[in-house]
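First the structure, in the form of structure tokens, and then the observations on it.
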Amino acid sequence: MSATGELVLALVRAQARRLALWMEFVWRSGQASPDQGPAIGPAEVARLLAPAEMREAEARFFAESGAGSAAAEAAALAGDAQWAAMLSRFGLDAAEAAVLALAVAVELDPGLGRVMGYLHDDGRLTQPTPWLAARLAGAAPGPFAGAALRRWLLAAPVEEPARLMTPWLVDPAVAASVAGAGWTEPAIAAVIVRPEEVAALPVLHAAAMARLESLADLREGELVGGPGMGKRTLAAQLAARRGKRLLAVDAGRAGDVLALTRALRWAAMTGAVAYFANADAVTEADWGRVAGLDVPYLRAVRHPTGQAVPIALAPLTVAARQSLWAHASALPAPPALAAQRLTPAEIVKAAARPGEPFERQTRRPDNALLSRLPTAYTWDDLVLPEDTLAQLRALESQVRLRWTVYEDWGFSRLTHLGQGICALFGGRSGTGKTMAAQVMANSLGLDLLRVDLAGVVNKYIGETEKKLREVFDACEDSGALLFFDEADALFGNRTQVKDAHDRFANIEIDYLLQRIERFDGVAILATNRRQDLDPAFVRRLRFVIEFSAPSPAERLELWRRALVPCAPSGEAILGAIDYEYLAAALLMTGAEIKNTALAAAFLARAEGARIGMSHVFTAARREKAKQGERVRLNLREAAE
């Protein structure tokens, strides 16, 4: 046990021994019943009704009996550095200090509980009370609020409203800290960052650091940035400049004012700077409650809350990313450092595994909003007009080279709102929009995440915007390519406001327009109803690429790719196929040709035959029937 704990126990025991002598005297003289039965004697009634006379008698007893005082123990405890720091930092007055000492002693030595009952002259009161704390300290018992004890959660009454004889219990963490070598909070999951741990690290966000240092009170600001941007490291560097440690706590896990108070209590006693990640998970009302504790702390959020001065951590430039890599690794920087806007955490993680393929971690808000699409297709798989292919190649080039153009050539001056790239793929269903997005993601080495509109659109006010923010955040954090299918459902025209539903629908579209403009990732939107899109939204797109129905030459190529002569095993699976006739007679999209070829393969397999024109014709009629169309196909014409 620590010296402080020993001193607390020594003081309480000395005080208890002294008072116990008096209790024994009044019991022997018939002025108290040892078991507090239902009836008391006349002498005890007289004692209870004459408190002033009894205090004088008590003083005479101690003087005449030679009973020692606890002054030496009290002086020793008052001179203890840890105990004095607690009283000073938490603002405890003498009465609160006495109650806390008594409660700590009972927690450290449970056997003292029976002594408490004896000293209370009531065997049922085995926990310390303000009345007994005052008696032991030689003070006259009086009203006790314990405001500082309550505010800091050091101790609390067992019931409300608290009275003079209401027992108080100490927070176990406080008792453990008094008994231990230093302050501890077992209920709080925290990371301690010491100054020497960040001393050699470069300051990646110099502008944010300057703004932090200019704040008169750290509580006035909040660090704004996505995961892995280095918010905690920056806070630790700020604390190190002040010669202090950083106490980092995830407010999203802590979650309530009690946990915040314990964390700040920990920081107060250790002299650390408190740092709360995910601070927006805590209500402003709770932040207001802990503001009165007067402990400096720094909050970190993903988006500005509007309650503090936002200090945004800008994404690292290519030069800064390369500098951090050089600091963390002796190997040459990988191309991904220039091609992708990696976070400091991702760079350090990649540098710790030299030689291994680098892959970014895709963060998804939940499975209801985003689903991963396969990206096995390549440029050779696309059958599109040359102009469409040229536009797709230009889109790929801009995504791949955007950071070097923005930073090396200085064109970031034209992209102050956002540096993302958004493209619209328009055209009827089945013309290759989704496949082109898959090719784009594969070529760029990015994950492809498709937005599930059913999970995003919500009938409750504000929920759709919340879900959309999660979607865009996930894309920016992971560097994945975001794919909106049937985008007109979200990005449609604003309507004339006739009722509340129209007004809130327009608010959702306005939010989308603003978020797209601030977007720093890559997004592709596909629609077969381009005319329904809001013109203000189309203006914010970098590319608008129209996917037209395939020409006869393109249909011929699609048929040849869909119906190959041999299976992977080498087995011949085609009969006589007139590709030219199919391309001329069937006005189909690429998706319809794929479905027809697949259905024809199943028909042929069921018959135990090779795929022939009859199977293709049957499958084609069924495919067109799904669209309400009828086609006339002639085997004789195909044979000729």
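Some notes on this structure:
- With respect to (1) within 19 Å of PRO186 (Cβ to Cβ); (2) surrounded by fewer than 19 Cβ atoms within 10 Å (Cβ to Cβ); (3) under 14 Å from the mean Cα position of the chain (by Cα), the lone exception for ASP256 is condition (3).
- Cβ pairs under 8 Å, 6+ apart, first in region 69-91 and touching a residue at least 40 places away in the same chain (Cβ under 8 Å), second of a type in the set (S, T, N, Q) and outside any helix (DSSP H, G or I): GLN82/SER2
- Only listed residue being at pLDDT 80 or above, of a type in the set (A, V, I, L, M) and in contact with a His (Cβ under 9 Å, 6 or more places away or on another chain), chosen from ALA436, ALA423, ALA394, ALA351: ALA351
- Of all residues in region 178-213, none satisfies the criterion of being hydroxyl-bearing (Ser, Thr, Tyr) and assigned by TED's automatic domain parsing to the domain that holds ALA272.
- For region 511-543, the tally of residues that are part of a loop (DSSP other than H, G, I, E, B) and modelled with pLDDT of 75 or more stands at 8.
- Residues that are β-branched (Val, Ile, Thr) and either at pLDDT below 90 or farther than 28 Å from LYS433 by Cβ (or both) within region 549-589 comprise just one, ILE573.
- Pairing each residue of region 152-169 that is in contact (Cβ under 8 Å) with a residue 40 or more places away in the chain and closer than 17 Å to LEU87 by Cβ with any residue that is surrounded by 13 or more Cβ atoms within 10 Å (Cβ to Cβ) and hydroxyl-bearing (Ser, Thr, Tyr), provided the two are 6+ apart or on different chains, yields C-beta distances under 9 Å for TRP152/THR261; LEU153/THR261; TRP168/THR129.
- Of all the numbered requirements in (1) modelled with pLDDT of 85 or more; (2) part of a loop (DSSP other than H, G, I, E, B); (3) surrounded by fewer than 14 Cβ atoms within 10 Å (Cβ to Cβ), LEU331 misses one, and that requirement is (1).
- Region 558-579, subset part of a helix (DSSP H, G or I) and in contact with a Phe, Trp or Tyr (Cβ under 9 Å, 6 or more places away or on another chain), residue farthest from LEU384 (Cα to Cα): TYR579
- From the list ALA181, ALA216, the one residue that fits, being among the hydrophobic types (A, V, I, L, M, F, W, C), in a loop (DSSP other than H, G, I, E, B), over 23 Å from TRP287 (Cα atoms) and out of contact with any Phe, Trp or Tyr (no Cβ under 9 Å at 6 or more places or on another chain), is ALA181.
- Single match in GLU386, GLU463 (criterion: closer than 25 Å to LEU512 by Cα, surrounded by fewer than 15 Cβ atoms within 10 Å (Cβ to Cβ) and assigned by TED's automatic domain parsing to the domain that holds ILE524): GLU463
- Within region 385-427, the set of residues being under 29 Å from the mean Cα position of the chain (by Cα) and assigned to a loop (DSSP other than H, G, I, E, B) comprises THR415, HIS416, LEU417, GLY418, GLN419, GLY420.
- Complete set of residues in region 112-131 that are more than 10 Å from PRO167 (Cα to Cα) and either outside the structural domain of ALA156 (by TED's automatic domain parsing) or in a loop (DSSP other than H, G, I, E, B) (or both): HIS120, ASP121, ASP122, GLY123, ARG124
- Exactly one residue out of ARG494, ARG503 is part of a loop (DSSP other than H, G, I, E, B), modelled with pLDDT under 70 and in the same structural domain as ARG402 (by TED's automatic domain parsing): that is ARG494.
- Flag if THR618 is of a type outside the set (A, V, I, L, M, F, W, C), in contact with an Asp or Glu (Cβ under 7 Å, 6 or more places away or on another chain) and modelled with pLDDT of 90 or more: no
- Candidates ALA591, ALA606, ALA599, filtered to the one that is within 55 Å of the chain's Cα centre (by Cα), in a helix (DSSP H, G or I) and free of Cβ contacts under 8 Å to residues at least 12 places away in the same chain: ALA606
To keep it simple, each residue is scored yes or no on (1) aliphatic (A, V, I, L, M); (2) part of a helix (DSSP H, G or I).
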residue: ALA239; (1), (2): yes, yes
residue: ALA259; (1), (2): yes, yes
residue: ALA263; (1), (2): yes, yes
residue: MET269; (1), (2): yes, yes
residue: ASP286; (1), (2): no, yes
residue: VAL295; (1), (2): yes, no
residue: ALA314; (1), (2): yes, no
residue: LEU324; (1), (2): yes, yes
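- Within the set ASP447, ASP408, the sole residue that is under 23 Å from PRO334 (Cβ atoms), modelled with pLDDT of 85 or more and surrounded by fewer than 22 Cβ atoms within 10 Å (Cβ to Cβ) turns out to be ASP447.
- Taken as a whole, the condition of being surrounded by 14 or more Cβ atoms within 10 Å (Cβ to Cβ) and either out of contact with any helix residue (DSSP H, G or I) (no Cβ under 9 Å at 6 or more places or on another chain) or more than 27 Å from LEU258 (Cα to Cα) (or both) does not apply to ALA207.
- PRO227 passes every criterion in (1) surrounded by 21 or more Cβ atoms within 10 Å (Cβ to Cβ); (2) on the phi < 0 side of the Ramachandran plot apart from (1).
- Selected residue (criterion: surrounded by the fewest Cβ atoms within 10 Å (Cβ to Cβ)) from residues of region 259-305 that are among the aliphatic types (A, V, I, L, M) and within 17 Å of GLY91 (Cβ to Cβ): ALA291
- Condition check for GLY113: touching a residue at least 12 places away in the same chain (Cβ under 8 Å) and on the phi > 0 side of the Ramachandran plot: no
The values are calculated or read from the model by the stated rules, or taken from the named source; none is laboratory data. If you're wondering where the values come from, they're calculated on a predicted model, not measured in any experiment. Cβ atoms come from the backbone with ideal geometry, glycine included; neighbour counts cover every protein chain shown.
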